[in-house]
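Trainee: Please see the structure below; I have some questions.
Read the figures in this text as sums done on the coordinates, not as results from a lab. Since the model is a prediction, treat every value here as computed from it, not as a measurement. Methodologically, a virtual Cβ is constructed for each residue, glycine included, from the backbone with ideal geometry; neighbour enumeration extends over all protein chains shown.
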2 protein chains.
Amino acid sequence: MKQPTRLTADDLHAMDKRYRAHFINSLAGFKSANLVGTADAEGNPNLAIVSSVIHLGANPPLMGMVTRPRTVERHSVENLLASGYYTLNQVNADIVEAAHQTSAKYPRGESEFAATGLTPLYSDLHPAPFVAESRLSVALKLREDKLIELNDTEFIIGEIIEVRLDGDAIHEDGFVDLEALGSVAISGLDGYHSTRRIARLPYAKPDRPLTSAKGSDRGL
Amino acid sequence: MKQPTRLTADDLHAMDKRYRAHFINSLAGFKSANLVGTADAEGNPNLAIVSSVIHLGANPPLMGMVTRPRTVERHSVENLLASGYYTLNQVNADIVEAAHQTSAKYPRGESEFAATGLTPLYSDLHPAPFVAESRLSVALKLREDKLIELNDTEFIIGEIIEVRLDGDAIHEDGFVDLEALGSVAISGLDGYHSTRRIARLPYAKPDRPLTSAKGSDRGL
């Protein structure tokens, strides 16, 4: 095995700021790609790409999302805190460029929907716009906004109140085939990836030999 | 465009428990695959797969991870809280089965390293074992353990103190080529995926036309 490169805290600290941002952002591995949809009090829609959405729990159905420090204007965060609702719309391969473009610093009041050509889609349950071009979207009711004092980021927790997806992508056991929906993954600050399923593996038990797992790919 | 399936909170609530776990776990999108390496006070190593690791910040270099409620024994969490250190080792395609098998409920004191054939590798900086077969590993010093009262999970935050990876995978600007390292992504509870890069996109600006992004794939 090739001897790996080893970096310590001092090496990380000595890195150029932009280099370090690329490098450290890569270390957590692949990330989900979602567009946060919100509306302000006047109903003006806002859209922003995020790579920090994670599953928090199935019952109640909760998702978490980390926001960057509010040292710059954060229209999405302000909107969702004020309205109490937001949508998360998975980015698929057809809308990668438009989704990435929502990360540009548009002035307040300029809709990223209009700027990128994506289409807002409204629900009767909440004011937050979905992205019509997304093939898997959820709407969330804000439940908690936890400040992370270590670096002034926030961990925002929402409860899922609506899901929109192509029903054909749901397997018999509830697993959703993200590849059938064209969902992409993000690496680092700007890498976008399509995926290919290697396997679905059975529930692991101590007495089940490791080799039996290989035969378990349901290949669906 | 096909009319999507629409589910509301009542639909989610009515789902069978296991079906709902598969379904809700799928909704956040692709997740990183990491093995958490820890040691207890006697130095006995422990290993567990997690799909909830996220990037929290580059300076200081922080990562977050969500743990499940402590209604069952959580050897990794107990170890990292007691020792103050843990490693995160990215799962690559060669060790998917072994990594998944660490999710089995082995009794306390039985090492998942021994049970799965993975190899512990020690550093002079901390007591937490790396996984020698991983091609991108970080060691973290525990910084904070935030209880999420909504569902009794915990959000554990660590600061990166050591990184081990194949240096050839680091691009000139700091971006790490996760595909060169064979890293996999997880979907739902048990889906494992390899990836193919679509693009790296340039830093987005409001005045840059969307179409120019297409020509930006550095194709590396």
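Trainee: If one computes the Cα centroid of segment B:65-125 and of segment A:14-53, what distance in Å separates the two points?
Mentor: 28 Å
Trainee: Further question: In nm, what does the list of distances from B:ARG196 to its counterparts in the other copies look like, shortest first, when each label sits 7 Å along Cα to Cβ?
Mentor: The projected label point of B:ARG196 is separated from its counterparts by 0.6 nm.
Trainee: Using each residue's phi in segment B:78-92, evaluate 6.51 cos²θ - 1.76 cosθ + 1.60 at θ = phi - 60° and report the 3J(HN,Hα) Karplus result to the nearest Hz, with x for Gly and Pro.
Mentor: 4, 5, 6, 6, 6, 8, x, 9, 7, 10, 10, 10, 5, 7, 10
Trainee: May I have the extent of the alpha carbons of the protein assembly as shown along their three principal axes, as whole Å values ordered from largest to smallest?
Mentor: Projected onto the principal axes, the Cα atoms of the protein assembly as shown cover 60, 51, 38 Å.
Trainee: Once phi is turned into ³J(HN,Hα) by the Karplus curve 6.51 cos²θ - 1.76 cosθ + 1.60 with θ = phi - 60°, what whole-Hz value does each residue of segment A:159-168 show in order, with x for glycine and proline?
Mentor: Karplus values, whole Hz, x for Gly and Pro: 9, 6, 10, 7, 10, 10, 7, 6, x, 5.
Trainee: Show the residues, 5+ positions off or on another chain, whose built amide H is closer than 5 Å to the amide H of A:THR5.
Mentor: When sequence neighbours closer than 5 places are left aside, the close amide H contacts are B:LEU165, B:ASP166, B:GLY167.
Trainee: Still on this structure: Debye sum, Cα scatterers, chain B, no solvent: what log₁₀ I/I(0) at q = 0.12, 0.15 1/Å?
Mentor: Ignoring solvent entirely, the Cα scatterers give -0.75, -1.08.
Trainee: Using a label point 7 Å beyond Cα on the Cα-Cβ vector, give me the inter-copy distances for B:HIS13 in nanometres, one decimal, shortest first.
Mentor: Going from nearest to farthest copy, the values are 5.2 nm.
Trainee: Taking the dipole about the Cα centre of chain B, with the C-beta of Lys and Arg at +1 and of Asp and Glu at -1, give me whichever of B:LEU125, B:ALA9, B:ALA185 is farthest to the positive side.
Mentor: Of the candidates, B:ALA9 comes out farthest on the positive side.
Trainee: For B:THR119, place a label point 7 Å out from Cα along the Cα→Cβ vector, do the same in each other copy, and report the separations in nm, one decimal, smallest first.
Mentor: List, nearest first: 5.5 nm.
Trainee: Name the GluC sites (Glu not before Pro) in segment B:10-96 that are in a loop by DSSP and that have at most 15 other C-beta atoms within 10 Å, would you? Walk me through the intermediate numbers first.
Mentor: On the way: sites: B:GLU42, B:GLU73, B:GLU78; in loops: B:GLU42, B:GLU73.
Qualifying residues, ordered by number: B:GLU42, B:GLU73.
Trainee: Let me ask something else. Counting only residues 5 or more places away or on other chains, whose amide H sits under 5 Å from the amide H of A:ILE148 once H atoms are built in the peptide plane?
Mentor: Here the answer is A:THR153, A:GLU154, A:PHE155, since their amide H atoms fall under 5 Å of that of A:ILE148.
Trainee: Suppose every Lys and Arg Cβ carries +1 and every Asp and Glu Cβ carries -1, with no other charges. What dipole size does the protein assembly as shown come out with about its Cα centre, to the nearest 20 debye?
Mentor: Around 500 debye, computed over the protein assembly as shown.
Trainee: So, one more: Starting from the Cα of B:HIS13, step 7 Å toward the Cβ, then list every residue of segment A:120-150 with an amide N under 18 Å from that point.
Mentor: What the label zone holds, given the 18 Å backbone N cut-off, is A:125-126, A:139-143.
Trainee: Related question: Let me confirm the definition first: pairs of Lys residues in chain A, 8 or more apart or on different chains, C-alpha distance under 29 Å. How many are there?
Mentor: 14
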